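Below is one structure, written out as structure tokens; comments come after it.
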Amino acid sequence: PVMEEELLVRARNLIIATCLAARVEAQRARLSLLEVTDPLTGLHNRSMLFSMGSKYLAMARRAASPFALLLLEIDALGEIYLEEGHEAGDEVLRQAAATLLRAVRDSDLVARIGDSRFALALPHCAAEDALRVGERCHQAIEGLWPFGMQVTASVAVASFNPDLDVDFDTLLARTCRTVDRARAEGRDRVLIACAQSRPEVAA
């Protein structure tokens, strides 16, 4: 009968439309994930760090709770790329990313924000605990020996001071300057980024 045939056509069209909608939604979700993910390491990217870091700092200010930011730069990564090749350099970054994820809590955010630079946002983490995290990450990176080469890192640790009117951009910029100083002073070290004085050597 015509009516049964029409119902079958409608049912088939509904199934097709539902499948297409599901595919579109899945594609949209994948694109959204790509917007906040570093494709090489699978970590969060700089955009996600700014978004979540600003939220963490705002929550810390409201609740008067601790918050810390770490930056870690893989030393001599450019030399590894030149001497060992592109795949070797990429593998160092992937191993470093996995190592950092193992060194922190599930609640912490780990992001790749530059060619060889990683950032760790640590909510509810006091200054002394953040320093221990920085030293642990520093030692963990030194434990990597890809392709028979030891990898080292320069690390900067900054803690949020609720007595100072500092936004996340300012905190990140201060931490970047400190990790640059660590590299200028010889690399392979941990420095504390101080708000009102020169950075102090921690390890």
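Only the coordinates and a few stated rules stand behind these numbers; no lab work does. Just so you know, these numbers come straight off a predicted model, no measurement behind them. Ideal geometry is used to build each Cβ from the backbone, glycine not excepted, and the neighbour counts take in all protein chains shown.
Numerical summary
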read-out: Read-out Rg and Dmax of the Cα atoms in Å, derived from the coordinates shown; its label in (i) 22.6, 87; (ii) 18.1, 69; (iii) 19.2, 66; value: (i)
read-out: The chain - share of DSSP beta bridges that are antiparallel (%, nearest 5); value: 80
read-out: Size of charge dipole - the chain - debye, nearest 20, with Cβ of Lys, Arg +1 and Asp, Glu -1, no other charges; value: 520
read-out: Lys/Arg +1, Asp/Glu -1 at C-beta; the stretch 79-203 dipole; positive extreme among Ala96, Ala111, His124; value: His124
read-out: The chain, relative contact order [Cα under 8 Å, separation at least 6], %; value: 22
